[in-house]
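Novice: The structure follows.
The values are calculated or read from the model by the stated rules, or taken from the named source; none is laboratory data. Quick caveat: nothing in here was measured; it's all calculated off a predicted structure. Note that each Cβ is placed from the backbone with ideal geometry, even for glycine, and that neighbours are counted across all protein chains shown.
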Amino acid sequence: MPGATRHTAIIGDAVGMWSKLAWDVDVFRDIQVCYPDEDQPLAYAAINVCIAAASLRDWVKAALEAEAKKAGKIWRDEAFYRSVDAAIPELLSCVAIANTAKHANFRERGWIDGEVVMAYEEGDEDVPPGYVLYHMVAGRQSLGFAVSRFDALCRNWWAFLEANGLDDGQAKMPRWRTNKLNRIFGHHRMTPPS
């Protein structure tokens, strides 16, 4: 995407946006674990994950559409959206949440009867008490914890990038995560930008 970094500073392609999505999921997980009694930060972080996931869809569409047109192929938006929805089942809920957050307008489209529920769980000997975010359909807890769905979202998006040749041979580990692990485990040398 020529010129994209002019407004994003570092995101210039689909892998760059995937790295931001992975960052947002990591922040969500950290809030879930470190601040379980804070409902607002958890909800805000979840919205950020959803906006990044929906934005990644736009980045991938732009890249694949440009490749198709360059190769003289006919591009069909509907086929692209069907393939993304099939490969990344968590995306429909993310798009619905992102659109509601961005446009202050709820539309029942894509994620029919979907709902986000924030619940305070008392915890037990295995899990501390705290707020948990659920993705639900038709009033039942059918989709599970948001943290698990967001992890699956990242994995599925990466598989889609690889399958469509958009990973540019890059490793699945973003530079920021390598640096974070180095800080945690005492290797203080940071991985420089490429």
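Novice: Tell me, which residue of region 71-80 that is part of a helix (DSSP H, G or I) and touching a helix residue (DSSP H, G or I) at 6+ places or on another chain (Cβ under 8 Å) is surrounded by the fewest Cβ atoms within 10 Å (Cβ to Cβ)?
Specialist: 77
Novice: Among the residues of region 50-80, write down those that are among the β-branched types (Val, Ile, Thr), in contact (Cβ under 8 Å) with a residue 24 or more places away in the chain and either over 16 Å from residue 15 (Cα atoms) or out of contact with any Leu (no Cβ under 7 Å at 6 or more places or on another chain) (or both). Break it down stepwise before answering.
Specialist: First pass over region 50-80, keeping only residues among the β-branched types (Val, Ile, Thr): 51, 60, 74.
Next cut, in contact (Cβ under 8 Å) with a residue 24 or more places away in the chain only: 51, 60.
If the condition is that a residue be among the β-branched types (Val, Ile, Thr), in contact (Cβ under 8 Å) with a residue 24 or more places away in the chain and either over 16 Å from residue 15 (Cα atoms) or out of contact with any Leu (no Cβ under 7 Å at 6 or more places or on another chain) (or both), then 51 is the only one that fits.
Novice: Pairs please, first residue from region 31-49 and under 20 Å from residue 93 (Cα atoms), second anywhere and hydroxyl-bearing (Ser, Thr, Tyr) and in a helix (DSSP H, G or I), Cβ atoms under 9 Å, 6+ apart in sequence or on different chains.
Specialist: Cβ pairs passing all conditions: 47/100.
Novice: Just one of 85, 37 is surrounded by fewer than 18 Cβ atoms within 10 Å (Cβ to Cβ) and assigned to a helix (DSSP H, G or I); which is it?
Specialist: On inspection, the qualifying residue turns out to be 85.
Novice: At pLDDT 95 or above, touching a helix residue (DSSP H, G or I) at 6+ places or on another chain (Cβ under 9 Å) and small (Gly, Ala, Ser), is that true of residue 53? Give the steps one after another, and end with the answer.
Specialist: Details: at pLDDT 95 or above: yes; touching a helix residue (DSSP H, G or I) at 6+ places or on another chain (Cβ under 9 Å): yes; small (Gly, Ala, Ser): yes.
Yes.
Novice: Return the residue satisfying two criteria in turn: it lies in region 17-34 and is of a type in the set (Asp, Glu) and closer than 23 Å to residue 102 by Cβ, and of such residues it is surrounded by the most Cβ atoms within 10 Å (Cβ to Cβ). Reasoning before the result, please.
Specialist: Within region 17-34, the subset of a type in the set (Asp, Glu) is 24, 26, 30.
Going one step further and asking which of them are closer than 23 Å to residue 102 by Cβ, we end up with 24, 26.
On the way: 24: 21, 26: 19.
Checking each candidate, the answer is 24.
Novice: Does residue 68 meet the test of being surrounded by fewer than 21 Cβ atoms within 10 Å (Cβ to Cβ), out of contact with any helix residue (DSSP H, G or I) (no Cβ under 8 Å at 6 or more places or on another chain) and not in a loop (DSSP other than H, G, I, E, B)? Before you say what the answer is, go through the steps one by one.
Specialist: Working: surrounded by fewer than 21 Cβ atoms within 10 Å (Cβ to Cβ): yes; out of contact with any helix residue (DSSP H, G or I) (no Cβ under 8 Å at 6 or more places or on another chain): yes; not in a loop (DSSP other than H, G, I, E, B): yes.
When the stated conditions are applied, residue 68 passes them.
Novice: Looking for whichever is of a type in the set (Asp, Glu), more than 15 Å from residue 50 (Cβ to Cβ) and at pLDDT below 90 here; the options are 78, 125. Which one fits?
Specialist: Numbers: 78 fails: at pLDDT below 90.
One residue alone meets the criteria, 125.
Novice: Is at least one residue of region 55-77 under 20 Å from residue 146 (Cα atoms), out of contact with any Gly (no Cβ under 7 Å at 6 or more places or on another chain) and of a type outside the set (S, T, N, Q)? Spell out how you get there, then give the answer.
Specialist: Quick first cut of region 55-77, residues under 20 Å from residue 146 (Cα atoms) only: 55-57.
Those still in the list that are out of contact with any Gly (no Cβ under 7 Å at 6 or more places or on another chain) too: 55-57.
Imposing the further condition that a residue be of a type outside the set (S, T, N, Q) reduces the set to 56-57.
Yes, that holds for at least one residue.
Novice: Right, something else. Could you please tell me which pairs satisfy a Cβ distance under 6 Å, a separation of 6+ or placement on different chains, a first residue in region 129-142 that is over 14 Å from residue 29 (Cα atoms), and a second residue that is small (Gly, Ala, Ser) and at pLDDT 75 or above?
Specialist: Taking only residues 6 or more apart or on different chains, the pairs are 129/123; 135/93; 135/146.
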